[in-house]
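What follows is a single structure, written as structure tokens, with notes after it.
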Amino acid sequence: MNAPHLQIYPTAQAAGIALAAELRALVARQPDVVIGFPTGGTPRQLYAELARLAREDKVDWSQVRGFNLDEYWPLASEHPASFRSFMLHNLIEPAGFDADLLRIPSGEVATEEIDAHIAAYQASIREAGGIYLQLLGIGLNGHIGFNEPGSPATSRARLVELAEVTRNRARAQFGEDEVPSHGITLGIADILDAERVTVMAFGAEKAQAVCAALEGAIDSSCPASLLRRHPNVTWMLDTEAAQELGMFN
Ligand code: PGA
């Protein structure tokens, strides 16, 4: 087993600033580094800091290559709740990433095209040389990407049905529209293929999932626990998300 690196910050913003500084150093060494990107509330402070660095310090992110973890399906790319819209408005436009270099699974593909779309997505990751740094959030139920509880460690990119807790949480973003029933996600084995993984978790609502991931059984009931099979994982938490860990109790 591999001991994860644990970093605890007073706030999500402090964690975002620290991680952004790390990414800045990484990109200075390798401008076209391949990063796996998450969406959702968790990376917001990080992305805001990447945008600030671009604006105020002229940091150039435009050669970074990226692959998003997941997308809702079925969903039009222009829907305001799509992860493509999220990336455009929170990262690509404000921080000057090149939209052509940041790939996102499409929520628009027809049922009969899904397998080919996913195979092409995986082939582009391979052609890019694999993901160097996979950034992740963790769901209330311990999911990573849309790998809901029950997802095996061997799972690869695929179409999955979303858990009720995941759909409920997304409801606010969808307004009057139904939250899609499914998502396309990289699998747990794809995530474990990354050279390095950094997981962010903030707020008391994540404390139980963080505790299960770091101190519970390593099995599919908490997909994030399977990250303990990876040799190079860093957890960036705020004090609230860390509050149930044994070291504080
Ligand atoms: P959140 O979602 O960042 O919106 O809390 C995290 C996740 O579900 O992975």
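The values are calculated or read from the model by the stated rules, or taken from the named source; none is laboratory data. What you see is a predicted model; the values in this text were computed from it and never measured. So basically every Cβ, Gly included, is an ideal-geometry build from the backbone, and we count neighbours across all protein chains shown. Note: areas computed on protein heavy atoms with side chains; ligands, DNA, RNA excluded. Shrake-Rupley method; radii C 1.70, N 1.55, O 1.52, S 1.80 Å.
Taking N as the residue count of the range 122-174, its C-alpha radius of gyration divided by 2.2 N^0.38 Å amounts to 1.34. Restricting the calculation to alpha carbons of the range 91-249 gives Rg and Dmax of 16.3, 51 angstrom.
Annotation: amide H-H contacts under 5 Å for Leu6 (H modelled 1.01 Å from N, sequence separation of 5 or more, or interchain): Trp235.
Pull out the extension gain between Asp60 and Ile218, defined as 0.36 nm times the separation in residues minus the alpha carbon to alpha carbon distance; nm, one decimal.
Working: separation 158, 0.36 × 158 = 56.88 nm, distance 3.90 nm.
Taking 0.36 nm per residue and subtracting the Cα distance, the gain is 53.0 nm.
Of the residues His117, Leu159, Ala189, the one whose Cα sits farthest towards the positive end of the charge dipole of the range 77-233 is Ala189 (charges of +1 on Lys and Arg Cβ, -1 on Asp and Glu Cβ, taken about the Cα centre).
So, with +1 on the Cβ of K and R and -1 on the Cβ of D and E, and no other charges, what is the size of the charge dipole of the chain about its Cα centre, to the nearest 20 debye? Write out the running numbers ahead of the final one.
Numbers: 19 positive and 32 negative charges, 138 e Å.
That gives a dipole near 660 debye.
For Gly66, nonlocal amide neighbours, meaning residues 5 or more places apart or on other chains whose placed amide H falls under 5 Å from its own, are Ile35, Leu102, Arg103. Here the range 132-223 is treated as a sphere whose radius is the Kirkwood value from Cα pairs; by Stokes-Einstein at 10 °C and 1.306 mPa s it diffuses with a coefficient of 115 µm²/s. Protein heavy-atom accessible surface, 1.4 Å probe, per residue over the chain: 44 Å². Projected label points at Leu6 and Asn249, each 7 Å from Cα along the beta carbon direction, are separated by 1.2 nanometres. 3J(HN,Hα) along the range 155-160, derived from phi through the Karplus expression 6.51 cos²θ - 1.76 cosθ + 1.60 where θ = phi - 60°, amounts to 5, 10, 3, 5, 8, 10 Hz, with x in place of Gly and Pro. DSSP beta bridges confined to the chain are antiparallel in about 30 percent of cases. With bins 5 Å wide beginning at 0, the percent of Cα pairs of the range 1-108 falling in each bin runs 2, 12, 20, 24, 18, 13, 7, 3, 0.
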